[in-house]
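Q: Just dropping this structure here.
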Amino acid sequence: MSKLALITGASSGIGKATAEAFADLGINLILCGRRLDRLYEIQESLSEKVKVNILTFDVRKKEDVEKALHTLPEELRAIDILVNNAGNAHGLGPIQDGSTDDWDAMIDGNVKGLLYVSKTIMPWMIARQKGHIVNISSIAGKSTYPNGNVYCASKAAVEAISEGMRLDLNPHGIKVTNVAPGAVETEFSLVRFKGDDKRAEAVYKGFVPLTAQDVAEIIAFTVTRPPHVVIADMTLFPVAQASATVLRRNS
Ligand code: 8X3
């Protein structure tokens, strides 16, 4: 029987690439995001391969998350794989100059949003005594870099939540995988720098960054292991990167 995956932040970047990789594996999809037009496009392109449902909500809005997920009929609550991908960075600068709106956006989206979505779906997995939760963290969650402060904190929280989920869901046979990429070229930096495309492009200059597809392949690998195997934690870098702060660029 085909598996069913729900992916948040599916309208672009790693979320979209994961949807494509899962479709290639014959995994049916529930794609969640804020941008309906983009979700429709992805639905259209993947519907030849698998069943694709879409839900629009903002993970930061607790009531909206609950309401949207509860519109799913019984058969679409049998979610085998939850990919908690929605999240973003807002700003990069000294903590003393940080914007409280940016802090709210990162903590509400990257941390609380992940929790809200999981809160509804975990009981459905527990009822079936199976499931796999993949949380998209970051190297920023393992190592704080200068000016990363609150973004790094939000991803450190994701790391702790992955660990907490693994411990607490262990009696129920639910797999939990934490994926921590380094530099991936997506809309990430454009969002972080509030549409400043020159600054965003400079982040990926002088080396070959990871692509969203590279990360999606890893996610696809983690969800296709045998039933008794779980990849707890996966860190991936472009070859030019050695840590959160060491990255070799051609001058
Ligand atoms: C994205 C990677 O190094 O810009 O989370 O924080 S990094």
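The values are calculated or read from the model by the stated rules, or taken from the named source; none is laboratory data. Since the structure is predicted, the reported quantities are computational estimates derived from the model, not experimental observations. We place every Cβ from the backbone using ideal geometry, glycine too, and count neighbours over all the protein chains shown.
Q: Say whether the condition of being within 14 Å of the ligand (Cβ to nearest atom), touching a residue at least 12 places away in the same chain (Cβ under 8 Å) and more than 20 Å from Ala21 (Cβ to Cβ) is met by at least one residue in segment 117-140.
A: yes
Q: Right, next: Which residue out of Asn110, Asn84 is within 16 Å of the ligand (Cβ to nearest atom), surrounded by 14 or more Cβ atoms within 10 Å (Cβ to Cβ) and within 27 Å of Pro227 (Cα to Cα)?
A: Asn84
Q: Only one of Ala68, Ala89 is more than 30 Å from Asp197 (Cβ to Cβ) and of a type in the set (A, V, I, L, M, F, W, C). Can you tell me which?
A: The match here is Ala68.
Q: A further question on this structure: Is there a residue in segment 3-23 that is of a type in the set (D, E, K, R) and surrounded by fewer than 16 Cβ atoms within 10 Å (Cβ to Cβ)?
A: Looking through segment 3-23, none of the residues is of a type in the set (D, E, K, R) and surrounded by fewer than 16 Cβ atoms within 10 Å (Cβ to Cβ).
Q: Here's a follow-up. Please name all residue pairs, on different chains or six or more residues apart, with Cβ atoms under 6 Å, provided the first residue is in segment 184-201 and is more than 11 Å from the ligand (Cβ to nearest atom) and outside any helix (DSSP H, G or I) and the second residue is among the charged types (D, E, K, R) and at pLDDT below 95.
A: No pair meets every condition.
Q: List pairs: first in segment 146-166 and over 18 Å from Asn84 (Cβ atoms), second aliphatic (A, V, I, L, M) and away from the ligand (no atom under 13 Å from the Cβ), Cβ under 9 Å, 6+ apart or cross-chain?
A: Asn147/Ile95; Asn149/Ile95; Val150/Ile95; Val150/Ile107
Q: Oh, and also: Report whether or not Gly98 is in contact with a helix residue (DSSP H, G or I) (Cβ under 9 Å, 6 or more places away or on another chain), away from the ligand (no atom under 15 Å from the Cβ) and more than 23 Å from Ala19 (Cα to Cα).
A: yes
Q: Search segment 88-99 for residues that are on the phi < 0 side of the Ramachandran plot and pair each with any residue that is hydrophobic (A, V, I, L, M, F, W, C) when their beta-carbon atoms are under 6 Å apart and the residues are at least 6 apart or on different chains.
A: That search, which allows pairs on different chains as well, returns Asn88/Val191; His90/Ala105; His90/Met106.
Q: Condition first: touching a Leu at 6+ places or on another chain (Cβ under 7 Å), more than 12 Å from the ligand (Cβ to nearest atom), assigned to a loop (DSSP other than H, G, I, E, B) and touching a residue at least 24 places away in the same chain (Cβ under 8 Å). Can you find one or more residues in segment 219-235 that meet it?
A: yes
Q: Please go through segment 118-129 and give me each residue that is surrounded by fewer than 24 Cβ atoms within 10 Å (Cβ to Cβ) and at negative phi, ordered by number.
A: Ser118, Lys119, Thr120, Ile121, Met122, Pro123, Trp124, Ile126, Ala127, Arg128
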